[in-house]
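What follows draws every value from the coordinates through simple rules; no lab data is involved. These numbers come from a predicted model, not from an experiment. Neighbour counts run over all protein chains shown; Cβ positions are idealised from the backbone, glycine included.
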2 protein chains.
Amino acid sequence: MGGMPGATDQTLRPFLWRAQKMFPDREVVSRTHEGRERYTYSEYGARVAQLANALAGAGIEDGDRVGTFCWNHHRHFEAYFAVPSMGAQLHTINPLLPDHHIQYIVENAADRLLFVDPSLVEKLAGAYDEDAFESVEQFVVMGSEVPDTPLENVTDYESFVGGEETDYDWPNLPEEQPAGMCYTSGTTGKPKGVEYTQQMLWSHTMASLPEAGLDLRSSDVVMPVVPMFHVNAWGFPFSTTAAGAKHVYPGPSPTPEDLATLIEEEGVTITAGVPTVWLGLLEYLAENDADMSSLERIVIGGSAAPKSVIRRFDEEYDVTVTHAWGMTEMAPLGTVANLKPGMESLPKEEQYEKQAKQGLLVPGLEMRVVDDDGEEVPWNGEDFGELWVRGPWVTTEYFERPEANEEDFEVPAGGASGQSADEVSGVWLKTGDVVTVDPEGYVKIVDRAKDVIKSGGEWISSVELENALMANDNVAEATVVGVPHERWQERPVAFVVPTRGTDEDSLKAELIEMVEDEFPKWWAPDEVVFIEEVPKTATGKFDKKVLREQYDDQSLVEGKTPDDAAPDAND
Amino acid sequence: MGGMPGATDQTLRPFLWRAQKMFPDREVVSRTHEGRERYTYSEYGARVAQLANALAGAGIEDGDRVGTFCWNHHRHFEAYFAVPSMGAQLHTINPLLPDHHIQYIVENAADRLLFVDPSLVEKLAGAYDEDAFESVEQFVVMGSEVPDTPLENVTDYESFVGGEETDYDWPNLPEEQPAGMCYTSGTTGKPKGVEYTQQMLWSHTMASLPEAGLDLRSSDVVMPVVPMFHVNAWGFPFSTTAAGAKHVYPGPSPTPEDLATLIEEEGVTITAGVPTVWLGLLEYLAENDADMSSLERIVIGGSAAPKSVIRRFDEEYDVTVTHAWGMTEMAPLGTVANLKPGMESLPKEEQYEKQAKQGLLVPGLEMRVVDDDGEEVPWNGEDFGELWVRGPWVTTEYFERPEANEEDFEVPAGGASGQSADEVSGVWLKTGDVVTVDPEGYVKIVDRAKDVIKSGGEWISSVELENALMANDNVAEATVVGVPHERWQERPVAFVVPTRGTDEDSLKAELIEMVEDEFPKWWAPDEVVFIEEVPKTATGKFDKKVLREQYDDQSLVEGKTPDDAAPDAND
């Protein structure tokens, strides 16, 4: 005390304390390899303490990293509070990554202990590499027995924590203490590590609770289907605890039937995941009886929520889709497409239109949308720019990646007086997303910065062109990339996989005409190239990099743009 | 960047930015000396920038204190964001304090500029003292003209801000920057200053938004009746802005009729203030027609919300009373008496019982309830202890009052490794409130620590005895204090003002019998002293200090407690 005024630090501990003391009887339900388990916050708190004691006994100290290689279940949730609250750092690893990425990540993070699901032991053993895993002293399998495995120093979780004291003297941690870590796997290069401090997780949790965030209440029953290795399952394990709500964890590889059963039997009110999960659930529900009446909201993120999914859940199940956008770098919550006061009286289609955007920035953050010169573009729903964000749960750097920091962050000149370089406030994260903002502040992602086509000083959204092309019944897949052009800088070229038996010439004419109809004339691709398949990345996304390398050929576009189709002819 | 990971600092700026950009058309309504004014967040933002430019022009710099001596209106609200966001510190002064306290406060804070309401200019001029006000360079009257006053260097607000630019380049402030300041006027000694950093106000704002806080939504219309000089009007100016909700400021000295009119005409959904305001509104509504249908909730704090008020608003107006507790030291939000899931099916009287408690600690804070030895008392709804709290918006010190810091804060031994004494996390604020906590975690204040009567190792609540005594129709006023006792440490003595014409002997017997009926036998006062009036403090509260000094006389209690009425006889 003395010196600058202040308060005690922002850490996760109060959330655990509050749930355990004030909601001792609320439940944590978990579908595991061993069946459905359930216990109360009171028992949860005791097991979290046991886990911390076990980790301390295994030599884990303040600042050490502990990795998890796990799906969504109660043991993983126990690690979520035990590891950071004892002063160590929870590093969630995506088991779907290729082996060489897993090796890089474990080595880069220097994890001392790894928790691993029974069903993922084989995958982990396959990725094991003596050098990359040198820091790892112990493996703990998330169950009550150890499967047959070539891995050494393997314990099962229940033996690991069993017999430990059910109290732990949680330390008073500084808010700068690293508490979590997650790697973002870009489409190019090595994964980049993002560290979450106690303060970042505290802030993200507090921002998730209100209406303008994810609107969590103590009466809610929350089922995160988004994996706990994807940016802390969007923070739900923390925010659900802070709200005193009931947790439902769907376990390893849940089927649509598993999800429907959990919703019905546990009274789930809020669930969350990527669009494909909910398409799967809609298909299942169309064929099967299931009582969805408890379900109020589905938080959709990870990719854009299609308007048709938003409409179907509303019309058929009276469920609101809460479309949200975020990034690993943001822990992850950025925007939520809530309707504003008054919008509930708009025609339903207009409401869906708003809900299909990425939405409004949540309180506590700031954003700008800038063009190539760093100038802000107007919020008119049409002009594009790259989205920059900053705030108390947005990272200002990648772990040990100075070259990426140079590229992906903007440090403002100056800063307040008396601050060292380390303390400069106001650093922007360049999200790499190209967006429009409408006059009401709703953000809509129209492209990735590296995919947007820069033609004659204007930007063309490859994503909008692709969506338009793929709406044609004779198009199986389509992607659009910018090909270098001497005069116009870049021009769009479409790569189209036609459905079997389609006449390519007439399809090409049809597509060009359709684009010219729907968009400014100069958006029309200079060439439509028919291919057999769009190359894909390891995670199944279109790999435009491959196409760009393959078609780095100006002849595709040279001389093809008529002058009257160029953007400056439209001024 | 580099070094410890982290994110950008927590400041108020994003809240202003978000409201201005995303809710440009939401309104700010204000009842002033000049009538009812209204404008939008968009215009609000422009005026906030004008005010910051005017203050900068007047020489206000980073770290300077700017005082306000004002009621609740839009100009005061403009100062709420302009002053802290430019790096200065907003110091709200309570105009109801006695002159010598105002002098002490202005001198202690060294305010450089004072905003003052037209109706308070005379009061301020009366308190003016050349030495105490030496730091004050300028007075700005909150209107468009300067009244006749002996004060010098006086400008009117509209001239002060008029003609200034409507943009301001808000700085990137560090979160430790002092942003606000408020003095708490204890019943004894000089007022103590509490400084709020940007981080504390950011945290308090985020904690106010969710259901477990004050549950603010963008569709709300919020009218803080609690004065803006009382702990930032409980943070509503900040939290309402963060939510994007509509503000209604009731202006100087609103009558119940003013409040009813504003609720009806502006569609107020949430209002907030001390119990007497709502008793006044109930009286008004009983006699007059007013449409209260928009009103959903009244946040009551400052003193305990009587169960009868909670019941009447629910039964007669379908309005939920949200009973909350806090302190100047906590910015102020601590607990909120929300019902838990399932409690809505309890009988109404049981619900009111819960709602009449101070409630559940909000997420992000921690508390303990301790006895004289610092040991935690059980949460059984019966055992008393002093409430200690800590968290990111709870101060850890008073401004320049080391002797008060010694008394009112508990610094834990140690702290995390590597921390200097200044950074020790986990400091507890000793609230001075004596409470019970029930098994569900609801806090109930039973006394102030200095008023609780410590008898034979047990605690007796003076407040509960007083409430019981005052329930007797022949008692006009009653208070109970502990008088020193050789054997029992302290024993209770009741001071009673009888209604006119009451027989004192029979009343005394009746009161003793009633207490022995309702409480443990040893709670019965050793003596009932009849007096003409209970001495009062400047703010109208019972002044027990005066009685304690007057009756520091063991003969009142010596030999009066029969052995079988002492607490250890009841073990």
With the label set 7 Å along Cα→Cβ, B:Ala125 is separated from its counterparts in the other copies, in nm and shortest first, by 9.0
Please find the FRET efficiency linking A:Gln489 to B:Glu549, where r is the Cβ-Cβ separation and R0 is fixed at 56 Å, and quote it to the nearest 0.05.
0.05
Measure up A:Lys21/B:Lys340; A:Lys454/A:Lys560; A:Lys307/A:Lys544 against 23 Å on the Cα-Cα distance and list the ones that go over.
A:Lys307/A:Lys544
Value in Å of the Kirkwood radius, where chain A supplies the Cα pairs that are averaged:
25.4 Å
For region A:38-51, Karplus-derived ³J(HN,Hα) couplings (6.51, -1.76, 1.60; θ = phi - 60°; whole Hz; x for glycine and proline) come out as 8, 8, 9, 4, 4, 5, 4, x, 5, 5, 4, 5, 4, 5
In nm, to one decimal, how far is the B:Thr255 label point from the A:Glu137 one, both placed 7 Å along Cα→Cβ?
7.6 nm
Please state the Cα pair-distance histogram of the protein assembly as shown with 10 angstrom bins from zero: what percent is in each bin?
2, 9, 17, 21, 20, 15, 9, 4, 2, 1, 0, 0
From zero up to wherever the largest Cα-Cα distance of region B:457-570 sits, split into 10 Å bins and tell me the percent of pairs in each.
14, 48, 33, 5, 0
Tell me which residues come under 5 Å, amide H to amide H, from A:Asp447 once H is placed; ignore anything under 5 positions away on its chain.
A:Val434
Please work out the Cα center distance from region A:479-523 to region A:331-408, rounded to the nearest Å.
29 Å
In the neighborhood of B:Trp202, defined by Cβ-to-Cβ distances under 10 Å, what is the net charge if each Lys or Arg adds +1 and each Asp or Glu adds -1?
-1
Can you pull out the GluC sites (Glu not before Pro) in region A:344-403 that DSSP calls coil and that have at most 13 other Cβ atoms within 10 Å?
A:Glu375, A:Glu382, A:Glu400
How many angstrom separate the Cα center of region A:1-63 from the Cα center of region B:123-176?
49 Å
On Cα atoms only, tilt of A:307-317 relative to the major axis of chain A in degrees:
50 degrees
Note to self: Kirkwood Rh of region A:254-392, Cα pairs, one decimal, Å, is 16.5 Å
What residues from region B:440-455 fall in the zone where the backbone N is under 16 Å from a label point 7 Å along the Cα-to-C-beta line of B:Leu282?
none
Give me the percent relative contact order of chain A, please, defined on Cα pairs under 8 angstrom at least 6 residues apart.
9 percent
Principal-axis tilt of helix A:99-109 within chain A, Cα atoms, nearest 10 degrees
60 degrees
Along Cα→Cβ, 7 Å out, is where each label goes; now give me the distance between the ones at B:Glu122 and A:Glu350 in nm to one decimal.
5.3 nm
Would you compute, from DSSP H runs of 4+ residues alone, the mean residue ellipticity of the protein assembly as shown at 222 nm, taking -39500 (n - 2.57) per run and dividing by the full residue count, rounded to the nearest 500?
-8500 deg cm²/dmol
If I stretch the segment between A:Asp129 and A:Lys450 completely, what's the gain in nm (0.36 nm per residue apart, minus their alpha carbon distance), one decimal?
112.2 nm
Which of the listed residues, A:Pro256, A:Met470, A:Tyr44, is farthest toward the dipole's positive end in chain A, when Lys, Arg count +1 and Asp, Glu count -1 at the beta-carbon?
A:Tyr44
Quick check: the angle from helix B:198-208's long axis to the longest principal axis of chain B, C-alpha only, nearest 10 degrees?
70 degrees
Bin all alpha-carbon pair distances of region B:182-319 at 10 Å intervals from 0 and give each bin's fraction as a whole percent.
11, 41, 34, 13, 2
For region B:393-504, what's the relative contact order in percent, using C-alpha pairs closer than 8 Å and at least 6 residues apart?
15 percent
Could you check what % of the DSSP bridge pairs in the protein assembly as shown are antiparallel, to the nearest 5?
55 percent
For label points placed 7 Å from Cα toward Cβ, what is the shortest-first list of nm distances from A:Glu137 to its copies?
6.0
